[in-house]
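Undergrad: Please see the structure below; I have some questions.
The values are calculated or read from the model by the stated rules, or taken from the named source; none is laboratory data. Model, not experiment: these values are computed from the prediction. Please note: Cβ atoms are built from the backbone with ideal geometry, for glycine as well, and neighbour counts cover all protein chains shown. What goes into the accessible areas is simple: the full protein's heavy atoms, side chains included, and nothing from ligands, DNA or RNA. Shrake-Rupley method; radii C 1.70, N 1.55, O 1.52, S 1.80 Å.
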Amino acid sequence: MNVAEGVSRFVDEAEVVSLAQALVRIPSVYDPAREGANESRVAAFVADVLREMGLEVHVQEVVPGRPNVIALYDSGRPGRTLLFEGHTDVVTAGDLTRWSHDPFGAALVDGRIYGRGACDTKGNLAAAICAVRALQRGGGRFSGRVMLCIPCDEEGLMLGIKDFIRRGWARGVDGAIICEPEQNQICITQKGAMRAILRTYGRMAHGAMPLTGINPTTRMARILVVLDEFEQLEKARVGEHPMLGWPSITPTVLQAPVRGEAQINVVPDQCMAALDIRTVPGQDHAILRRQMEDILDRLGRGDPDFHAELEVIEERPWTQTDPDAPVVRALADAYRSVTGRDPVYNGVPGATDGTFLHLAGVPIVTTGAGDRHIPHHVDEYVEVAELVETARIYAEAAMRFLSA
């Protein structure tokens, strides 16, 4: 029997479920206004689990109370390094009265684990850890090592993965599997993202005498209308990507005044809009930024009171991995072995921590259990059968990648 075959049978279903439930039951919603509302407790729990497995474990604080956990399972023989990456933070549960199950109860109902993070992505983190356990039990000879990167802050500015890379952990990694909910589809591309802040400036005035002031909200309205037109032009230019769909420029926050209380009879002195911009192959972020700045310049030419600024506060380029890359081939072969079906290739509609690994030169592929539309929703869940399948695919992919 080939050394790359059969390791999936060492995945223990009960163990996958138990670990996923334990992770979900530790709230890890980051909230700087509440003491202890961060990833520290779940990171400590994960570190203990990995130490009990006999792995080399490093806990490194990124910012106070928000650590990364890095673990190594080394074969003792020279070879490739495969990285599994899955974050510990989760988004807020929102209105608790809308949940059918306790968002941090990890209830097991009708073959599903319910709870915040069950799908995105604590279930998949549990699958990756259990895949390493399967490698340990399987006893097959492989070369190189498996690394687990379990960072904080994926749902924010991705401080965790940036710190992981800055400390040098990504150097020498030959391939990475990003553990995110993709219904076990093999995602070889992902959208880029730009987060931008638009500001327009004016002068306060009485609402009954608006001409005595300068209204920043009407100037912002003009910008947003033109940006909508620009979005349609970009869609026509690059077309619909077969895996990622359409690019987008989406205003998500509109605020005036920016500071102080709004009042219906007061013209504010400033208006702010936040833009969530998603990009696809064929778009260049530097060019997009310049085109948006040109829009502001053009609008200002006919209005001496027009004063606007664009600030890009975060950007993550789109990524694309060759389907023939060794890590992708290993994952595809593992999928066939575990499921008996041909894999479905797709793209990630959002950005992941893998974006920055890609920038660091690491070939990435994203897959994991869970409906991609479920994260951040009320009554988030993951199917147990699919999650166990994920753990088995991860284990087989690791053995294949490290036995080549």
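Undergrad: Roughly how many whole Å is it from the C-alpha centroid of region 149-188 to that of region 56-124?
TA: 12
Undergrad: Can you give the direction-averaged projected area of the convex hull of the alpha-carbon atoms in region 259-403, in nm²? Kindly include the intermediate steps, with their values, before the conclusion.
TA: Values: hull surface 56.1 nm².
Hull-based average projected area comes out at 14.0 nm².
Undergrad: Tabulate in residue order the Karplus-calculated ³J(HN,Hα) for region 228-245, using 6.51 cos²θ - 1.76 cosθ + 1.60 with θ = phi - 60°, rounded to whole Hz; enter x for Gly and Pro.
TA: Whole-Hz 3J(HN,Hα) from phi for region 228-245: 5, 5, 5, 4, 5, 5, 5, 4, 5, 6, 9, x, 8, 5, x, 10, 9, x.
Undergrad: OK, next. Can you give me the angle between helix 285-301 and the longest principal axis of the chain, using Cα atoms only, in degrees from 0 to 90, rounded to the nearest 10?
TA: 10
Undergrad: Then there is this: Starting from the Cα of residue 191, draw a straight line to each of the aspartates and glutamates and keep only those under 15 Å, dropping any in the same chain fewer than 8 residues away.
TA: Within reach: 180, 182, 234, 240, 276, 284, 314, 315, 353.
Undergrad: Please arrange 246, 318, 169 by accessible surface area, largest first, computed with a 1.4 Å probe and ligands excluded.
TA: 246, 318, 169
Undergrad: Let me ask something additional. I'd like the carbon and sulfur percentage of the solvent accessible area for the chain, probe radius 1.4 Å, heavy atoms only, ligands and nucleic acids excluded.
TA: 50
Undergrad: Under unit Cβ charges (Lys, Arg +1; Asp, Glu -1), what dipole magnitude, rounded to 20 debye, does region 295-377 have relative to its Cα centre?
TA: That gives region 295-377 a dipole magnitude of about 500 debye.
Undergrad: Let me ask another. Could you report the chain's accessible area per residue, 1.4 Å probe, as an integer in Å²?
TA: On the way: 17430 Å² over 404 residues.
Ligands and nucleic acids excluded, the result is 43 Å² per residue.
Undergrad: What residue among 368, 206, 216 has its Cα farthest toward the positive end of the dipole of the chain, where the charges are +1 on Lys, Arg and -1 on Asp, Glu, each on the Cβ?
TA: The Cα lying farthest towards the positive end belongs to 368.
Undergrad: Oh, and also: Counting helices only, and only those DSSP H runs with n ≥ 4, report the 222 nm mean residue ellipticity of the chain as the sum of -39,500 (n - 2.57) divided by its residues, in deg cm²/dmol to the nearest 500.
TA: Working: 9 runs with 130 residues, N = 404.
Here the helix-only value at 222 nm equals -10500 deg cm²/dmol.
Undergrad: Residue-wise, which Karplus ³J(HN,Hα) couplings in Hz belong to region 121-138, taking 6.51 cos²θ - 1.76 cosθ + 1.60, θ = phi - 60°, and x for glycine or proline?
TA: For region 121-138, the Karplus-derived couplings read 9, 5, x, 6, 4, 4, 4, 5, 5, 5, 5, 5, 4, 5, 4, 5, 6, x Hz, x marking Gly and Pro.
Undergrad: Tell me, how many Å apart are the Cα centres for region 17-40 and for region 222-237?
TA: 40
Undergrad: OK, next. Consider all pairwise Cα distances in region 125-173 and report the whole-number % of them above 12 Å.
TA: Across region 125-173, Cα pairs with separations above 12 Å total 71 percent.
Undergrad: Just subtract the alpha-carbon distance of residue 228 and residue 345 from 0.36 nm times their residue separation and send over the number in nm, one decimal. Kindly include the intermediate steps, with their values, before the conclusion.
TA: Details: separation 117, 0.36 × 117 = 42.12 nm, distance 3.09 nm.
Full extension from residue 228 to residue 345 adds 39.0 nm.
Undergrad: Moving on to the next point. Step through the residues of region 150-158 one at a time and calculate ³J(HN,Hα) from phi using the Karplus curve (6.51 cos²θ - 1.76 cosθ + 1.60, θ = phi - 60°), rounding each to whole Hz and writing x for Gly and Pro.
TA: Calculated HN-Hα couplings, in order: 10, x, 8, 6, 5, 7, x, 8, 6 Hz.
Undergrad: Next up: Between residue 97 and residue 240, what's the calculated FRET efficiency when r is the beta-carbon distance and R0 is 45 Å? Round to 0.05.
TA: Numbers: r = 39 Å, r/R0 = 0.86.
The formula returns an efficiency of 0.70 here.
Undergrad: Indicate, rounded to the nearest 5 percent, the antiparallel portion of the DSSP beta bridges found entirely in the chain.
TA: 75
Undergrad: Which peptide among 388-397, 179-188 comes first, and what is the full order, when sorted by highest mean count of other Cβ atoms within 10 Å? Please report the intermediate quantities before stating the final value.
TA: On the way: 388-397: 28.2, 179-188: 24.3.
Peptide ranking by packing, descending: 388-397, 179-188.
Undergrad: Something else about it: With +1 on the Cβ of every Lys and Arg and -1 on the Cβ of every Asp and Glu, and nothing else charged, how large is the dipole of the chain about its Cα centre, in debye rounded to the nearest 20?
TA: 680
Undergrad: Shape call for region 1-145 from the C-alpha gyration tensor, a ≥ b ≥ c root eigenvalues: rounded (a/c under 1.5), prolate (a/b greater than b/c) or oblate?
TA: Numbers: a/c = 2.99, a/b = 1.51, b/c = 1.98.
Note, shape of region 1-145 comes out oblate.
Undergrad: Using the alpha-carbon atoms, what tilt in degrees (0 to 90, nearest 10) does helix 326-339 show relative to the longest principal axis of the chain?
TA: 70
Undergrad: Let me make sure I get this right: for region 69-213, a, b and c are the square roots of the gyration tensor eigenvalues over alpha carbons, sorted descending. Under 1.5 in a/c it's rounded, otherwise prolate if a/b > b/c, else oblate. Which is it?
TA: Working: a/c = 3.51, a/b = 1.74, b/c = 2.02.
In terms of gyration-tensor shape, oblate.
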